[in-house]
1. Which pairs break 20 Å Cα to Cα here: K57/K138; K57/K166; K46/K184; K138/K171; K138/K184?
2. Place the peptides 44-56, 137-149 in order of packing, highest mean first, counting for every residue the other Cβ atoms within 10 Å and averaging per peptide.
3. In whole Å, how far is the Cα centre of region 150-190 from that of region 61-89?
4. Within 10 Å, count the other beta carbons around each residue, average over each peptide in 72-85, 155-168, and list them highest first.
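Bear in mind these aren't lab numbers, they're just calculated from the coordinates by the rules spelled out. From a predicted model like this one, the values you see are computed outputs, not experimental measurements. Counting neighbours? That spans all protein chains shown, and the Cβs are built from the backbone with ideal geometry, glycine included.
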Amino acid sequence: MKLQASYLSYILLAGVVISLATAAILWGQPLLTKNKIKSEVDSLEKFVIDFANSLDKLRYENKIDFDVNYNAYISISNNIITVTYNVPQNVIYSPNLKDIPLNILIYSPIAISEPTCVVNLSTTNTQIIYEIFCRIHKDPITGRCYTFEFEELPTLPLKGKLIIEKVDERKGSYPNCTLFTIYKLRISVS
């Protein structure tokens, strides 16, 4: 009888331990998933901002590349670069807009003291979408202006090497600009 009580207490103790472990896993899994997504989104946001800020370098350089490995997609249509992150199903995640240091989309056609390319953030229940717009930039000292045009790009996964290259540079005219340059850029992922 004493032996049966000993076995019974071991079985009950094992049942309690298994129950506690299962409860911890079921409670902790969504938190771990949400933290993983937050980390991925934070890294993607940093990349998008660095990417937008690096475009100005292509006035002086012919090519810039980034090593990318994100669960996101990039496309270009109507001169707007779109980076889309698909939030996994059954996860409620919304970026904290106060914590995202993105440029504010300003509808001024000419940027003087603001950045040439700005990032606009939008979200849906299943996606976080970053749109990069490049406006005409005017140098306040020289009066010279420039902007960027992008070749169309179908939706591609953001994995591998992202290459931005200058394929053309042409002069034009624009009101209140002493010289107007349009830099044509091609973006590819390989």
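1. The pairs that break the limit, which is 20 Å between Cα atoms, are K46/K184.
2. For the peptides 44-56, 137-149, the packing ranking is 44-56, 137-149.
3. If we compute the Cα centre of each part, the gap is 14 Å.
4. 72-85, 155-168
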